[in-house]
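Here's the structure, in structure tokens; my notes come after.
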Amino acid sequence: MTEQLDQQARDIMTGNDRGGYTVPTSGLYPYQWNWDSMFAAWGFSTFDRARAWVEAETLFASQWENGMVPHIIFHREVPEYFPGPEVWGRERSPATSGISQPPVAATLIRWIYEADRAEGAAHLRALYPKLLAWHRWFMAHRCERGMIVVTHPWESGRDNAADWDAAMANVDGSGVGEYTRRDTSHVDGSMRPTKEQYDRYLALVHFGRDCHWDEEVIRQSSPFRVADPGMSFIFLRACRDLAALGAELGEDTSEIAGWIAALEEGAASHWNPERGHYDSVDIRTGRFSGALSSGAFLCWYAGVGGDAMLPALERIMQAVRYPVPSLDPADPRFDAPRYWRGPMWGMFNALIARGLAEAGHGAIAEDLRRRTAECIARNGFYEYFNPVTGAPAGGGLFTWTAAIWLTWASPAAEGRV
Ligand code: GLC
């Protein structure tokens, strides 16, 4: 059974390989997505290490001059995809979007490298300056009070999370005009963001495009700027891994050490003392968003906060059969099948579990792995799952679900990086 599922996962990954980059799933997502691609690289590293490095190299080949690594790279023309390159207004070859995505790259590259240092050495040497430039971009343009800010919900990777509700109310979506969405023609609309949310997403893209993605203008006048614990924790972790990689290469890593110190301090600003959990902060108003979402449980992965989040995690692990839900089931906005407002996402669990295991919570990490594996084995390699019933949702034959199966969830993956 395990061998069959492992093979199926490898087949999904090779089936989604478009030559140099891997699509998240065919149809719904026809391009290269930033963090999906890094999970793909991690998955490939279990059976084709050379291909893993190619994935990372293709992603970083589209890095902007200012260091930003875009969230989508439009390698080929798919006229019916929306919002495509023309909406983003950055029509180089290949065209890209104008925002970034969670910077898991340094961490996953470290894990891939450490699995085979000899093979990875030359690749690491070439990628290191690019990773450093991307991290510099985050520190220069996305860091406030030691927290990482997103300027579009899509930048967080958690598109329609409840974290953004209050801040999105400040975004006027009324002028975006007519358009046809692509996502709802592939999957059930009840599992996707609403039209009203989508109008506001587009208004934010228009804002960035109209100022030519000038980061100073975005910082000063974007209608949406929210510090996200998911991003802050992923970035802090990535800085630690980048420093380790730099040390391995004999580089001076003091600049990175300074970032780590600032980010460790910033983590405390995410703590919502009234609600007792890490929370998003609207930078424009200074208010917490009051949403306990999966990003908060990356605190162990980031190496911060001790066990302050343990009671919340234990409660949630009891409340649903397939944790970790993207939103607290006790939140009135919890919506079990809807995208980032309830569902469980396997790749998020892989990171949360890694942090838990490193912090000495091996039993919880193993429980999370077992339940994630059960859900995938019963339902297939879907994009995400209803955390109460396990019902699969979103796209099928999904790259990152296959990748985290191979690297972490599969019984055969035990002990693997
Ligand atoms: C959705 C997800 C995002 C992911 C993308 C491709 O937009 O919210 O995290 O990168 O799909 O899978």
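What the table shows:
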{"item": "Residues of segment 187-204 satisfying the condition of being crowded, with 16+ Cβ neighbours inside 10 Å and over 25 Å from V69 (Cβ atoms)", "result": "V187, M191, R192, Q197, D199"}
{"item": "Qualifying residue in segment 303-321 (condition: of a type in the set (D, E, K, R) and not in a helix (DSSP H, G or I))", "result": "yes"}
{"item": "One residue from D328, D335 being surrounded by 21 or more Cβ atoms within 10 Å (Cβ to Cβ), without any contact (Cβ under 8 Å) to a residue 60 or more places away in the chain, more than 21 Å from V104 (Cα to Cα) and charged (D, E, K, R)", "result": "D328"}
{"item": "Given (1) more than 16 Å from the ligand (Cβ to nearest atom); (2) more than 29 Å from R240 (Cα to Cα); (3) aliphatic (A, V, I, L, M), number of the condition L397 does not satisfy", "result": "(1)"}
{"item": "Among (1) in a helix (DSSP H, G or I); (2) at pLDDT 95 or above - the single one P102 does not satisfy", "result": "(1)"}
{"item": "In segment 308-323, the residues that are surrounded by 19 or more Cβ atoms within 10 Å (Cβ to Cβ), free of Cβ contacts under 8 Å to residues at least 60 places away in the same chain and touching a strand residue (DSSP E or B) at 6+ places or on another chain (Cβ under 7 Å)", "result": "M309, I316"}
{"item": "Selection within segment 205-244 - among the aliphatic types (A, V, I, L, M) and surrounded by fewer than 24 Cβ atoms within 10 Å (Cβ to Cβ)", "result": "V205, V217, I218, A243, A244"}
{"item": "Answer from D228, D188 - the residue that is at pLDDT below 95 and touching a strand residue (DSSP E or B) at 6+ places or on another chain (Cβ under 9 Å)", "result": "D188"}
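Listed here are the residues, each with its yes/no results for (1) farther than 13 Å from F60 by Cα; (2) more than 16 Å from the ligand (Cβ to nearest atom); (3) crowded, with 22+ Cβ neighbours inside 10 Å.
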position: S100; (1), (2), (3): no, no, yes
position: M139; (1), (2), (3): yes, yes, no
position: P153; (1), (2), (3): yes, no, yes
position: N160; (1), (2), (3): yes, no, yes
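The values are calculated or read from the model by the stated rules, or taken from the named source; none is laboratory data. Remember, predicted model here, so these are calculated numbers, not experimental data. Every residue, glycine as well, gets a Cβ built from its backbone with ideal geometry; the counts of neighbours run over all protein chains shown.
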